[in-house]
Amino acid sequence: MTRLTGAADGSSTLTAVSGRRLRELVARRTGDTQLAHDAEVVAHVLPFKVNSYVTDELVDWSAAPDDPLYRLLFPHRDMLDPADFTRVERALRESPADLPSLVAAVRARLNPHPGDQIALNTPRGDGGWGLQHKYASTLLVFPRQGQTCHSYCAYCFRWAQFTGAGETKLAVAGPDTMTRYLERHPEISDVILTGGDPLVMRTPLLAQYIHPLLEPRHARITSIRIGTKAPAFWPHRFTEGPDADDLLRLLEKVVAAGRHLALMLHLSHPRELDTAPAQRALARLRSTGAVLRAQAPAIRHVNDSAGTWADLWTRQVRCGIVPYYLFVERDTGSQRYFALPLSRVLDIHQRAIRQVSGLARTVRGPVMSTSSGKVVIDGTVHLADTPAFAMRFLQARDPDLVGRPFHAVYDDTATWWDELRPYAPQDHRFFQRTDFFQRTDNTLSGEPR
Ligand SMILES: *Cc1c(COP(=O)(O)O)cnc(C)c1O
Ligand code: SF4
């Protein structure tokens, strides 16, 4: 086991597992040596990380591999194309020297940059990459030291960043890159700190990003969001030691400064909310005055039933968390393992919504975060006797598209936006690539592109 460097709490119980250790862990806890071997093979391609909290308190080993939390965290042979799995397995056994180029080729086939993230969204700052300014009012910030997580979701659409391939990193050099950008863009009212998980950073480092936003010169920043999975993967972040206390004081300071502070919690399964540490963490977070909101994708093997989502939202409301987005799994990584047809996600969402009260119906979904914008499927309708998906943009590069109903030809098997087709001529404008509207700002580095 290796200690996580730069981890928020420095506790010796926070450990990362890889390679042979992963095989030993799975073999020891499940007794299934084939499952363990397969996990090790796949972990050469897809990033993997767990800590002692998720292995000891979240995963139900007696139900592995079918346990939803095991599915969420552990590599499985079905995540790779069978031929690719066999190639990697053989290279490991017979020709380890071939492994790096083979692994690079397999990764390249897994669409490492969904939604044209690198090409379309990333203004080049003088410190490097790491701001996304796609929607006028909102700036996404990827703090450099927050580009990892306490454990990894096997479905993560940011997986390419975690594999260490240099050009795939989306990370700002530091807070100055962020503040300089904000000074040039008075239209921005919301800053979202994201990752990875910004709460892997120790509190003083996080404060370097947050304190400037509270200064009078940034008074037009009315909302600060922090995206995190820490309550699910490392609730001790909020409860153990002086750094946890400092974090709570920092959050209180944001609220006291009159800003809307939202913790955007990534919650995939009701069990993540069940443990005593998670309950303690949420109670402390509520006490800061932050608004807690929750979002996650619907994922095969993990939360692909209406009952699971109804349960998840109901428990969120009970914990003071506002359900926000139900996402569709992006077209990347182990999509062959986790993806569900859009029609199925729609069905899950609709049946789940019917089981909960209005307080949980704040959730919007199913939502696809595409290169054109965030698009929701409202339902299936029958137009001229043929079925269609009724859709709307919740956010779009072209603001004029937001909120207008449009239709796509109903498709039972489509799993992503780019497989959908416009239903009628008037729908075509919603399906156009909108590179034209991208917001880029190359002048930070004075470099023409
Ligand atoms: C989802 C998202 C946002 C936030 O959108 P809201 O509608 O405000 O939740 C901002 N920027 C990007 C790039 C996003 O994908
Ligand atoms: S918490 Fe988010 S960024 Fe981290 S591994 Fe999971 S999906 Fe990826």
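The values are calculated or read from the model by the stated rules, or taken from the named source; none is laboratory data. This structure is a prediction, so every number in the text was calculated from the model and none was measured. All accessible areas refer to the heavy atoms of the entire protein, side chains included, with ligands and DNA or RNA removed. Shrake-Rupley method; radii C 1.70, N 1.55, O 1.52, S 1.80 Å.
A few remarks follow.
- For segment 247-253, 3J(HN,Hα) computed residue by residue from phi via the Karplus equation (6.51, -1.76, 1.60; θ = phi - 60°) reads 4, 4, 4, 4, 5, 4, 5 Hz, glycine and proline entered as x.
- Mean separation of Cα contacts under 8 Å, 6 or more apart, over the residue count of the chain: relative contact order %: 13 percent
- Per residue, segment 201-352 exposes an accessible area of 32 Å² to a 1.4 Å probe, with every protein chain left in place.
- Per-residue Karplus couplings for segment 393-398, computed as 6.51 cos²θ - 1.76 cosθ + 1.60 with θ equal to phi - 60°, are listed in order as 7, 8, 9, 8, 4, 9 Hz, Gly and Pro entered as x.
- Close amide H pairs (under 5 Å, H built 1.01 Å from N) link residue 423 with 407, 408, 409, residues at least 5 positions away or on another chain.
- Computed on protein heavy atoms with a 1.4 Å probe, the accessible areas place 374, 229 in the order 374, 229, largest first.
- In this structure, the amide hydrogen of residue 340, modeled 1.01 Å from its nitrogen in the peptide plane, lies closer than 5 angstrom to those of 300, 329, counting only residues at least 5 positions away or on a different chain.
- Greater than 24 Å apart at Cα, pairs in 253/374; 49/374; 229/253: 253/374; 49/374
- Rolling a 1.4 Å probe across all protein chains gives residue 349 an accessible area of roughly 20 Å².
- Per-atom-type breakdown for the chain gives carbon and sulfur 51% of the accessible area (1.4 Å probe, protein chains only).
- Mean residue ellipticity (222 nm) of the chain, computed from DSSP H runs ≥ 4 via -39,500 (n - 2.57), nearest 500: -9000 deg cm²/dmol
- The candidates 287, 137, 62, arranged from most to least accessible area with a 1.4 Å probe in the full protein assembly, appear as 62, 287, 137.
- Rounded to whole numbers, the Karplus 3J(HN,Hα) couplings from phi for segment 100-113 are x, 6, 5, 4, 4, 5, 5, 4, 4, 7, 9, 6, x, 10 Hz, using 6.51 cos²θ - 1.76 cosθ + 1.60 with θ = phi - 60°, and x at Gly and Pro.
- Accessible area of residue 133 in the full protein assembly, 1.4 Å probe (Å², nearest 10): 0 Å²
- Debye intensity ratio in log₁₀ form over the Cα atoms of segment 303-403, taken at each q of 0.10, 0.11, 0.13, 0.21 Å⁻¹: -0.31, -0.37, -0.52, -1.16
- Distant-in-sequence amide H partners of residue 395 (H built 1.01 Å from N, under 5 Å): 374
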